[in-house]
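What follows draws every value from the coordinates through simple rules; no lab data is involved. This one's a predicted model, so the numbers in the text were calculated from it and none came from an experiment. Cβ placement follows ideal geometry from the backbone for every residue including glycine, while neighbour counts extend to all protein chains displayed.
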Amino acid sequence: MPICWSSTMPINSKLVTYIGFSVKSRNILYGYENVIATRKKIYIILVDEGIGESSRKKVTSYAEKKRIPIYFLQKESLSQLCGGRNVKCVALTDAGLAAGAQNELNNIGGNN
């Protein structure tokens with residue numbers, strides 16, 4: 001089941017760090033098509049609220065089918081987290097970084 005993050009939540013510096021480490025270590029997939037098509041193990045999916053309706057349905061369905069946690073971030077915040085790339089969907093493929101990011105998202109969203 002998708003977990004939604006309110007659009008009023010600020011970006012946490014620890015979350016920025018986890019995403020940054022994922023980018024540097026190449027443990028991140030960009031774009032919903034790459035997320036759905038990969039054979040790598042995905043531990044968490046982050047989706048921008050501005051993603052198209054069709055893409056949202058596909059990613060949400062994939063996450064539910066594979067039992068992957070999915071978080072919807074405020075519009076344009078995902079691009080900021082990924083170093084300015086125009087991206088609407090990413091997936092983390094490192095268990096430790098994904099767990100840290102998920103913990104921060106739960107703390108920010110109040111979903112402990």
Query raised in the report: Once Lys and Arg get +1 and Asp and Glu get -1 on their Cβ, which of Ile19, Asn107, Leu92 lies farthest toward the positive end of the dipole of region 3-109?
Result: Leu92
Query raised in the report: With labels modelled as points extended 7 Å from the Cα through the Cβ direction, what inter-label distance (nm, one decimal) is found for Ser25 paired with Ser79?
Result: 2.8
Report task. Take Asn86, project a point 7 Å from its Cα along the Cβ direction, then tell me which residues of region 42-58 have their backbone nitrogen under 19 Å from it. Result -> 47-56
Query - Candidates Ala63, Ala98, Ala37: whichever shows maximal mean-square fluctuation once the chain is modelled as a Gaussian network with Cα springs under 10 Å - result: Ala37
**Report entry** Signed unit charges on C-beta, dipole axis of the chain, positive-most listed residue Ser55, Asn34, Leu81
**Finding:** Asn34
Report summary line: With +1 on the Cβ of every Lys and Arg and -1 on the Cβ of every Asp and Glu, the dipole magnitude of the chain about its Cα centre, in debye rounded to the nearest 20, is 420
